[in-house]
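Scroll down for the structure; my scribbles are underneath it.
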Amino acid sequence: MTQSFEVSVDVDAPVEATWSTLTAWNRQSEWALLTRTRGLGATGGHAVGERVHAFTGIGRVGFLDTMVIEAWEPPHRCRVRKTGRVVRGAAEFRVAERAGGGSVVTYRAEVVVPGGQVGQALWPLVRSGFAAGFRRSLTTLAQIVEREQASSHSPA
């Protein structure tokens with residue numbers, strides 16, 4: 001059975017700046033908890049049909065999250081199909097203009113929960129942990145984008 005969760009964070013930066021940092025796959029380790037990501041393909045994971053691989057863990061202990069890009073609509077939307085052994089389902093990043101300036105970045109995951117009835121029973125606890133981790137990651141992303149925007153607009 002598929003379950004979902006969604007988190008959003010405000011970013012005091014334009015949509016384009018937020019999108020640029022968000023989809024710089026090789027930079028995700030700067031903000032995504034315990035994750036190293038790389039884009040594969042002719043454009044480095046920036047087109048429909050290309051792949052993105054993310055390893056989540058510490059050192060060599062963890063799992064590989066393999067994904068195929070299903071939608072690529074810069075600077076607003078990237079949707080991936082998760083094809084790994086551990087994580088299956090889909091995920092989507094959206095970046096929207098925020099009223100009054102800045103942007104809002106949203107992560108939505110649709111996870112195929114393993115483990116039958118036991119997995120379903122545990123999902124509320126797991127969901128809370130996932131949501132908290134992704135919220136923390138997106139907050140760190142926002143801080144990075146905001147810091148880079150401030151430094152690019154400050155006098156030299």
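The values are calculated or read from the model by the stated rules, or taken from the named source; none is laboratory data. As the structure is a prediction and not an experimental result, all values here were calculated from the model. Methodologically, a virtual Cβ is constructed for each residue, glycine included, from the backbone with ideal geometry; neighbour enumeration extends over all protein chains shown. The accessibility values were calculated without ligands, DNA or RNA, using every heavy atom of the protein model including side chains. Shrake-Rupley method; radii C 1.70, N 1.55, O 1.52, S 1.80 Å.
Within the listed set PRO74, PRO124, PRO14, the Gaussian network model of the chain (springs between alpha-carbon atoms below 10 Å) gives the highest mean-square fluctuation for PRO124.
Note on the range 59-156: with charges restricted to the Cβ of Lys and Arg (+1) and Asp and Glu (-1), its dipole about the Cα centre is near 320 debye. Largest GNM mean-square fluctuation among THR140, THR43, THR66, using the chain with Cα springs under 10 Å: THR43.
Among (i) 0.98; (ii) 1.81; (iii) 1.06, only one was calculated for this model; which label is it, if the read-out is Cα Rg over 2.2 N^0.38 Å? Correct label, based on the coordinates given: (iii). Of the trypsin sites (Lys or Arg not before Pro) found in the range 49-124, those that fall in a DSSP loop while having at most 12 other beta-carbon atoms within 10 Å are ARG60, ARG85.
I'd like the orientation of helix 116-152 relative to the chain: the angle between its Cα long axis and the longest Cα principal axis, in ° from 0 to 90, rounded to 10. That helix lies at roughly 10 degrees to the long axis. Counting protein heavy atoms only, the range 3-115 has 53 percent of its accessible area on carbon and sulfur, 1.4 angstrom probe.
Between the range 99-156 and the range 1-74, the alpha-carbon centres lie 11 Å apart.
The figure for LEU125 is an accessible area of roughly 130 square angstrom, using a 1.4 Å probe on the protein chains alone. For the set ASP65, ASP12, the ranking by accessible area, highest first and with no ligand, DNA or RNA atoms included, is ASP12, ASP65 under a 1.4 Å probe.
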